[in-house]
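Visitor: What follows is a structure written as structure tokens; I'll ask about it next.
The values are calculated or read from the model by the stated rules, or taken from the named source; none is laboratory data. No experiment lies behind these values; they were computed from the predicted model shown. Please note: Cβ atoms are built from the backbone with ideal geometry, for glycine as well, and neighbour counts cover all protein chains shown.
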Amino acid sequence: HSTTKKPLARFFIGSFCETLLFQSPISLLILNPHAPAPKRIQNIFFPSDLSNQSLKLFRKVLFRANKLQAKVTLYHKLADDSLIWDKKTKEKCLNSPEVKKFKKWADKFEVPLNVVVEKHPDHLTQRILKLSRKSHQLIALTTHTGRIGSFFVGSTPRQVVRMTTLPVWLIH
């Protein structure tokens with residue numbers, strides 16, 4: 001639980017909790033103290049930019065999902081505003097070489113994988129929150145460690161941790 005109330009202080013030095021979240025050398029599981037912890041994790045929501053770094057960390061999620069006998073939803077939100085979104089484009093995205101790499105690893109770990117690729121006007125954080133609350137018990141997010149990394153790329157994980165009632169696994 002974070003007690004820093006002054007936004008300016010949080011911006012420059014961060015609360016203890018946020019400092020821990022984004023500078024920890026190990027992955028962290030964050031639980032909302034105001035929400036009940038799930039009794040069993042059956043579905044894990046994994047947003048991804050489909051990069052090689054994300055694929056590397058996805059294997060950690062698959063390892064844990066295999067041990068928990070859980071399913072994984074791989075989510076990718078397209079950022080290309082010029083792309084015309086139709087059935088043909090969606091099929092092309094779902095069968096892209098990048099997505100196939102993730103599917104291959106899920107098969108190796110024997111983890112059921114649901115792939116969701118979409119183009120949507122809502123902010124990424126809002127999409128993660130909305131889609132994950134439907135049937136998931138855990139959100140697994142990749143993040144970069146260090147003060148500079150968290151300043152530039154930590155905004156989505158930071159917002160998800162602040163706004164969700166689900167446990168969040170921050171993977172480094």
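Visitor: What are the residues in the range 96-133 that are of a type in the set (Ser, Thr, Tyr) and buried (at least 17 other Cβ atoms within 10 Å of the Cβ), if any?
Guide: 125, 132
Visitor: Exactly one of these conditions fails for residue 69: (1) without any contact (Cβ under 8 Å) to a residue 40 or more places away in the chain; (2) on the phi < 0 side of the Ramachandran plot. Give me its number.
Guide: Of everything listed in (1) without any contact (Cβ under 8 Å) to a residue 40 or more places away in the chain; (2) on the phi < 0 side of the Ramachandran plot, residue 69 misses just condition (2).
Visitor: Here's a follow-up. Exactly one of (1) touching a residue at least 12 places away in the same chain (Cβ under 8 Å); (2) more than 19 Å from residue 171 (Cβ to Cβ); (3) of a type in the set (Lys, Arg) is unmet by residue 59. Its number?
Guide: Looking at each condition in turn, residue 59 falls short on (2).
Visitor: For the range 36-50, name all the residues that are modelled with pLDDT under 90 and either surrounded by 19 or more Cβ atoms within 10 Å (Cβ to Cβ) or farther than 16 Å from residue 65 by Cα (or both).
Guide: Quick first cut of the range 36-50, residues modelled with pLDDT under 90 only: 36-39.
The answer is 36, 37.
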